[in-house]
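**Student:** Before anything else, here's the structure in question.
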Amino acid sequence: MRARYGVPLGIVAVGAAGLVYAAGFEARSFRLRRVTVPVLPSGMRPLRILQISDIHMVSGQRKKQRWLRSLAGLRPDFVINSGDNLSDPEGVPEVLDALGPLMEFPGAYVFGSNDYYGPKLRNPARYLLEKAQGRHGLNGNAPAVGVIHNPWEELRDGFDTAGWLNLTNTRGTLKIEGMEVELTGLDDPHIKRDRYERVAGGPSASADFSMGVVHAPYLRSLDAFTADGYRLVLAGHTHGGQLCIPFYGALVTNCDLDTDRVKGLSTHTVDERTAYLHVSAGCGTNRYTPVRFACPPEASLLTLVGRE
């Protein structure tokens with residue numbers, strides 16, 4: 001009897017230990033990624049951007065809320081929120097409370113699919129199947145049916161009242177100590193709400209620096225930003241792969257971006273033009289899959305410096 005069931009029980013025990021670690025420890029082991037990006041014109045002083053993404057707030061997540069409030073101590077020049085703030089229709093007040101200290105700084109935001117719609121329980125293996133078939137979100141899949149509609153308007157109103165720029169398929173400008181920083185944003189490509197034709201044309205000649213912001217780093221959006229001459233694009237959505245294999249990395253990105261660029265700083269080249277791409281691994285998870293493995297939750301502090 002022992003010889004027959006010893007190995008399966010051992011595998012179950014290892015799997016259970018891994019699940020406890022992934023859900024009980026790593027999913028709440030918040031980190032700060034620090035990145036230096038050489039994109040500014042010569043002579044312009046460095047700019048410090050705090051990027052937060054994929055909070056996926058569920059009511060009662062006190063540790064996450066305390067950590068988000070503590071990020072104000074970094075005193076960035078401005079904040080970029082790259083979407084997916086919610087994983088609970090009741091979570092808007094807690095998102096606004098957690099981000100309250102950060103909303104004292106200049107900032108801007110785009111929304112992701114989970115700001116508009118509540119999550120659904122789904123088999124994680126479907127992400128691998130969709131990757132193999134080249135289908136992601138509503139890009140190739142059938143429209144979602146019977147989804148929960150989140151109160152995204154309340155979230156928008158809270159951010160707007162604080163003075164953050166709404167970059168939903170539009171441009172905005174932040175004044176930072178006499179410098180003009182232009183931000184060009186898209187709505188979420190994951191659910192086909194991006195409308196690049198509304199913001200096309202490249203950086204404004206009057207801006208000291210221009211950059212792009214989008215939730216999901218689909219290649220069509222990265223191609224458009226890069227071809228138009230933007231030197232930096234910020235995105236989220238991927239969760240860094242969320243469940244990664246140590247010493248190997250991510251298996252999926254939940255979009256058509258390759259896994260080599262699933263998180264952190266990389267480059268994107270189109271027609272001999274190159275932009276830096278920074279993808280945040282985010283600090284939350286879908287409420288139905290509250291686990292992370294070899295991919296801790298994060299925010300990012302990007303220091304933009306002069307081009308080499």
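**Student:** What are the DSSP H helices in the chain that stretch 24 Å or more along their long axis, judged by alpha-carbon atoms, and whose average Kyte-Doolittle hydropathy comes to at least -1.0? Numbers along the way, then the final one.
**Tutor:** On the way: long enough: 2-20 (26 Å, 1.19).
Membrane-span-like by this rule: 2-20.
**Student:** Still on this structure, I have one more. Expressed as a whole percentage, what fraction of the accessible surface of the stretch 184-271 belongs to carbon and sulfur atoms when a 1.4 Å probe is rolled over the protein heavy atoms?
**Tutor:** On the way: 1650 of 3410 Å².
Looking at the stretch 184-271 in its full context, I get 48 percent from C and S.
**Student:** Under the Karplus relation 6.51 cos²θ - 1.76 cosθ + 1.60, θ = phi - 60°, what is the ordered set of whole-Hz ³J(HN,Hα) values for the stretch 265-273, x standing for Gly and Pro?
**Tutor:** 8, 8, 10, 9, 10, 9, 6, 6, 9
**Student:** Report, by chain and number, residues whose modeled amide H sits under 5 Å from the one on Phe209, excluding near sequence neighbours (fewer than 5 apart, same chain).
**Tutor:** Here Glu180, Glu182 satisfy the definition.
**Student:** Could I ask something else about it? Ratio of Rg to Rh for the stretch 176-264, alpha carbon only, Kirkwood?
**Tutor:** Working: Rg = 14.8 Å, Rh = 14.1 Å.
Here the Rg-to-Rh quotient is 1.04.
**Student:** Sticking with this structure for a sec: For the chain, what does the helix formula give at 222 nm: sum of -39500 (n - 2.57) over DSSP H segments with n ≥ 4, over the residue count, nearest 500 deg cm²/dmol?
**Tutor:** Working: 7 runs with 67 residues, N = 308.
The per-residue figure over the chain is -6500 deg cm²/dmol.
**Student:** Mean shadow of the chain, computed from the convex hull of its alpha carbons, in nm²?
**Tutor:** Numbers: hull surface 71.0 nm².
Result: 17.8 nm².
**Student:** Shifting gears a bit: Label-point separation (nm) for Glu197 and Glu104, each offset 7 Å from Cα along Cα-to-Cβ?
**Tutor:** According to this spin-label approximation, the distance is 4.5 nm.
**Student:** Just how large is the dipole of the stretch 37-78 about the Cα centre, in debye to the nearest 20, putting +1 at every Lys and Arg Cβ and -1 at every Asp and Glu Cβ? Walk me through the numbers on the way to the answer.
**Tutor:** Values: 8 positive and 2 negative charges, 61 e Å.
Using only the charged Cβ atoms, the result is roughly 300 debye.
**Student:** Continuing with this model, one more query. How would you order 134-140, 198-204, 144-150 from highest to lowest mean count of nearby Cβ atoms within 10 Å?
**Tutor:** Ranked from most to least packed, the peptides come out as 134-140, 198-204, 144-150.
**Student:** Whats the longest run of the chain with zero chymotrypsin sites (Phe, Trp or Tyr not before Pro) that are DSSP loop and have at most 12 other Cβ atoms within 10 Å?
**Tutor:** Values: sites that count: Phe247, Tyr248, Tyr288.
By the stated rule (loop sites, at most 12 other Cβ atoms within 10 Å), 1-246.
**Student:** Here's a follow-up. Quick one: length gained pulling Arg135 to Glu153 fully straight, 0.36 nm per residue minus the C-alpha distance? Write down the numbers at each step before the final one.
**Tutor:** Values: separation 18, 0.36 × 18 = 6.48 nm, distance 2.88 nm.
Extra length available between Arg135 and Glu153 comes to 3.6 nm.
**Student:** Roughly what would the spin-label model give for Leu32 and Tyr288, points 7 Å off Cα along C-beta, in nm?
**Tutor:** Here the modelled spin labels are 3.5 nm apart.
**Student:** Here is a further query. So if R0 is 25 Å, what FRET efficiency would Arg307 and Glu177 give, r being the distance between their Cβ atoms, rounded to the nearest 0.05?
**Tutor:** Working: r = 20 Å, r/R0 = 0.80.
Once the sixth-power term is evaluated, E becomes 0.80.
**Student:** With respect to the cross-link table entries Lys131/Lys192; Lys63/Lys192; Lys131/Lys263; Lys64/Lys192, which display a Cα-Cα separation exceeding 24 Å? Can you show the working numbers first?
**Tutor:** Values: Lys131/Lys192 17 Å; Lys63/Lys192 33 Å; Lys131/Lys263 17 Å; Lys64/Lys192 30 Å.
Check vs 24 Å cut-off fails for Lys63/Lys192; Lys64/Lys192.
**Student:** Give the accessible surface of the chain per residue, rounded to a whole number of Å², with probe radius 1.4 Å and ligands, DNA and RNA excluded.
**Tutor:** On the way: 13950 Å² over 308 residues.
The answer is 45 Å² per residue.
**Student:** Given the chain, what percent of its DSSP beta bridges are antiparallel, to the nearest 5?
**Tutor:** Values: 22 of 53 bridges.
If we restrict to bridges inside the chain, about 40 percent are antiparallel.
**Student:** So what are the ³J(HN,Hα) numbers for the stretch 43-58, from phi and the Karplus equation (6.51, -1.76, 1.60; θ = phi - 60°), rounded to whole Hz, Gly and Pro as x?
**Tutor:** Those phi angles translate into x, 7, 5, x, 10, 10, 10, 9, 9, 10, 7, 6, 5, 6, 5, 10 Hz.
The values are calculated or read from the model by the stated rules, or taken from the named source; none is laboratory data. Bear in mind the structure is a predicted one, so any value in this text is a computation, not a measurement. Neighbour counts are summed over all protein chains in view; Cβ atoms, including those assigned to glycine, are modelled from backbone coordinates with ideal geometry. Accessible surface is based on the protein model in full, side chains and every heavy atom, while ligands, DNA and RNA are left aside. Shrake-Rupley method; radii C 1.70, N 1.55, O 1.52, S 1.80 Å.
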